[in-house]
1. Sort the following peptides by mean Cβ neighbour count (other Cβ atoms within 10 Å, averaged over residues), highest first: 74-86, 56-68.
2. Please compute the per residue accessible area over region 115-235 with all protein chains in place, 1.4 Å probe, rounded to a whole number of Å².
3. How big is the charge dipole of the chain about its Cα centre, in debye rounded to the nearest 20, if each Lys and Arg gets +1 on its Cβ and each Asp and Glu gets -1 on its Cβ?
4. May I ask you to derive the relative contact order of region 91-240, considering only C-alpha pairs under 8 Å and at least 6 residues apart, and to give it as an integer percent?
5. So what is the 222 nm mean residue ellipticity for the chain from helices alone, if each DSSP H run of at least 4 adds -39500 (n - 2.57) and you divide by all residues, rounding to the nearest 500 deg cm²/dmol?
6. Calculate the spin-label point distance for A156 paired with K234, positioning each point 7 Å from the Cα along the beta-carbon direction, and give it in nanometres.
7. If all Cα-Cα distances of region 1-58 are sorted into 10 Å bins from 0 onward, what percent lands in each bin, rounded to whole numbers?
8. Rounded to the nearest whole Å², what accessible area per residue is found for region 1-76 with the 1.4 Å probe?
Amino acid sequence: MTNKYMFFIANWKMYGGLNSLNSLHKVVKFFKNFKKKKFIKIIYCPPSTLIRPMLKKLKNSNIEVGAQNCHESNYYGAYTGSINSSMLKNVGAKYVIIGHSENRQAGENDRLINRKIKSAIKAGLKVIFCIGETSKEKRKKITKQVLSKQIKFGLANINKKNKIIVAYEPVWSIGTGLIPKPKELYETISFIKKKIKDYKILYGGSVNPKNIHSLTSIDNIDGYLVGGASQDTKKFIDIIKKTYN
Ligand code: PGA
C-alpha cells in the first residue's frame, strides 16, 4: 500500500489491433471514479498504429498516450519502416519508451539510445528510459556496473530530470513471472536514485495483480511499467487498485 504519486505505464509491445481498444472505456470509467486519481498518472504505450485511435477512445480522460520507440533523427529521411519522434508528437503521443531491453537485444547500444533520447526531448516528448541487467550479468554480480554504464552513456549530456522517467527492468524478469526479492529491488532502486538524483524511477518486469502487494511494500519505487498484464484491462485496473489498498 502506498499513498504517493505513482506512474502506471502500459507497454503493449507488438500486440493489438483496433478491436483491442474496445475495453478501454473500463479503464476510463475506473480512473474517473477512483478516489486516489490525483495520485496517479496512467500512460498507455500501444503500437504506433494505435496511437491515434486510442487517443480518440481516451479523449477527456487524462490518460496519456506514448510510443514504444523512435528513430534517432528529428528530420524526415529515407529510413524505410522507421518513425521519428516528431512524427509521434504530430499524432498526439506525449511519451516514448527508449532503451527497452527487447530493442537493446535487437542491437541498440547506449550511444544510439542517447541520440534517441535527445531527439525525443527536442521533439517535445517525454522519455521512459529503460535500463536493466541480464540474468548472466546478475549471476556475475555486475548489475551495478551494468546500470552505471547504461545511465552514464544513455544520459550523457542530458540534464532533463522533468523530461525523463527511468524504468528499471531486469531483463530476466521481463515476461518470465519472476521479480526481484524486495530487499534486492529496494537496494537497486536506491542505487539508481543515488546515481541520478531527483529522477522518477519505476520498476518493470512481470508486474501483475498477484505480485503487486509485494512490490508496493518497497517504498522507493515511483510506479510500474507493465507489459503482459497491461493488455488485460481487468488486470491493469487491479494492479492500480491494489497499489492503493
Ligand atoms: P512484462 O513486460 O510485464 O510482460 O514482464 C514488461 C516490459 O517489457 O516492459
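The values are calculated or read from the model by the stated rules, or taken from the named source; none is laboratory data. What you see is a predicted model; the values in this text were computed from it and never measured. Here the Cβ is made from the backbone with ideal geometry for all residues, glycine too, and neighbour counts use every protein chain on show. These area figures cover heavy atoms from the full protein model, side chains too; ligands, DNA and RNA do not enter into them. Shrake-Rupley method; radii C 1.70, N 1.55, O 1.52, S 1.80 Å.
1. On the way: 74-86: 13.2, 56-68: 17.5.
Listed from highest to lowest mean packing, they are 56-68, 74-86.
2. Details: 5780 Å² over 121 residues.
It amounts to 48 Å² per residue over region 115-235.
3. Values: 46 positive and 15 negative charges, 139 e Å.
Taking the Cα centre of the chain as origin, the dipole is about 660 debye.
4. Working: 220 pairs, mean separation 29.4, N = 150.
For region 91-240, the relative contact order is 20 percent.
5. Values: 10 runs with 88 residues, N = 245.
After summing the helix terms and dividing by the residues of the chain, the value is -10000 deg cm²/dmol.
6. Distance between label points: 4.9 nm.
7. Pair shares across the bins are 20, 50, 25, 5.
8. On the way: 4390 Å² over 76 residues.
Here the residues of region 1-76 average 58 Å² of exposed surface.
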